[in-house]
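Engineer: I have a structure here, written as structure tokens, and I will follow up with some questions on it.
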Amino acid sequence: MTVEVALNSPKIIVWCTMSSNEILGSFFFEELTVNQENYLDMLESFFYPYLQRRKLTKKIIFQQDDAPAHFAKSIRSWLNNKLDNRWIGRGGSISWAPRSPDMTSLDFFLWGYIKNNVYKNNLKDLDDLKIKIIQEIRSIEKETLKNVFSEFEKRLSFCISVEGNTFEQYF
């Protein structure tokens, strides 16, 4: 059996955040990797202005994963300054279990949903991929978001009930 795999295939990196009311994104990083500089630039030029326009800067709790760029001192400092210690992540004032897959709504819902729908049809190029990602995100209804966050609450409760032990096998 032979399996062909494309080396150095074109890639994009997309960033989103979601709440029970809406999804903010898609932000596409132009670089092939996310580092502290381009992540901070995204926070400053895309994410925070959105929060300001919506008057959410004092109302949200922002959660990020353990990506190395998220742990950079400059990022943690910026988050503490702008979000007044209302952020979850490694080194933050609100801690989160390390290596906790399928706990966040992005992990257990959004990324799989997007991949399943975007790759149903052949894509022409990276621009086509970006367009399809944007379309799929925009097609998600508010009722779906409410259901996703209801599931998120159930997962958090279950995590507490098993005292933080592994539980992914139950979902």
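Engineer: How many residues, within segment 15-57, are small (Gly, Ala, Ser) and on the phi > 0 side of the Ramachandran plot?
Structural biologist: The qualifying residues number 1.
Engineer: Also, quick follow-up: Please work out which one of (1) part of a loop (DSSP other than H, G, I, E, B); (2) within 15 Å of the chain's Cα centre (by Cα); (3) farther than 19 Å from residue 89 by Cβ; (4) hydrophobic (A, V, I, L, M, F, W, C) is the condition residue 34 fails and give its number.
Structural biologist: Among (1) part of a loop (DSSP other than H, G, I, E, B); (2) within 15 Å of the chain's Cα centre (by Cα); (3) farther than 19 Å from residue 89 by Cβ; (4) hydrophobic (A, V, I, L, M, F, W, C), the lone unmet condition for residue 34 is (3).
Engineer: For segment 73-90, which positions are of a type in the set (Gly, Ala, Ser) and surrounded by fewer than 16 Cβ atoms within 10 Å (Cβ to Cβ)?
Structural biologist: Once the filter is applied, which keeps residues that are of a type in the set (Gly, Ala, Ser) and surrounded by fewer than 16 Cβ atoms within 10 Å (Cβ to Cβ), segment 73-90 yields 74, 77.
Engineer: Which of the residues that make up segment 132-171 are more than 25 Å from residue 21 (Cβ to Cβ), part of a helix (DSSP H, G or I) and without any contact (Cβ under 8 Å) to a residue 40 or more places away in the chain?
Structural biologist: Correct list: 161, 169, 170.
Engineer: Do we find that residue 66 is among the acidic types (Asp, Glu) and under 16 Å from the mean Cα position of the chain (by Cα) in this structure?
Structural biologist: Against the criterion (among the acidic types (Asp, Glu) and under 16 Å from the mean Cα position of the chain (by Cα)), residue 66 qualifies.
Engineer: For segment 58-65, indicate whether the set of residues that are closer than 20 Å to residue 134 by Cβ and surrounded by 15 or more Cβ atoms within 10 Å (Cβ to Cβ) is non-empty.
Structural biologist: The answer is no; no qualifying residue exists.
Engineer: Shifting gears a bit: Going through 32, 40 one at a time, which residue ends up being under 26 Å from residue 134 (Cα atoms), at pLDDT below 90 and of a type in the set (A, V, I, L, M)?
Structural biologist: From the options 32, 40, the qualifying one is 32.
Engineer: Then there's this: Taking the condition modelled with pLDDT of 90 or more, β-branched (Val, Ile, Thr), surrounded by fewer than 16 Cβ atoms within 10 Å (Cβ to Cβ) and under 18 Å from residue 27 (Cα atoms), does residue 131 pass?
Structural biologist: yes
Engineer: For segment 5-62, which residues satisfy the criterion of being among the acidic types (Asp, Glu) and closer than 16 Å to residue 136 by Cα?
Structural biologist: 22
Engineer: Here is a follow-up. Please determine whether any residue of segment 41-54 is in contact (Cβ under 8 Å) with a residue 40 or more places away in the chain and either in a loop (DSSP other than H, G, I, E, B) or small (Gly, Ala, Ser) (or both).
Structural biologist: No: zero hits.
Engineer: Within segment 101-123, is there a residue that is surrounded by 14 or more Cβ atoms within 10 Å (Cβ to Cβ), in a helix (DSSP H, G or I) and β-branched (Val, Ile, Thr)?
Structural biologist: Within segment 101-123, one or more residues are surrounded by 14 or more Cβ atoms within 10 Å (Cβ to Cβ), in a helix (DSSP H, G or I) and β-branched (Val, Ile, Thr).
Engineer: Across segment 11-47, what is the number of residues that are under 26 Å from residue 150 (Cα atoms) and of a type in the set (Phe, Trp, Tyr)?
Structural biologist: The number of residues fulfilling the criteria is 3.
The values are calculated or read from the model by the stated rules, or taken from the named source; none is laboratory data. What you see is a predicted model, and the numbers here were worked out from it, not measured in a lab. When we count neighbours, we look across all protein chains shown, and the Cβ atoms used for this are built from the backbone with ideal geometry, even at glycine.
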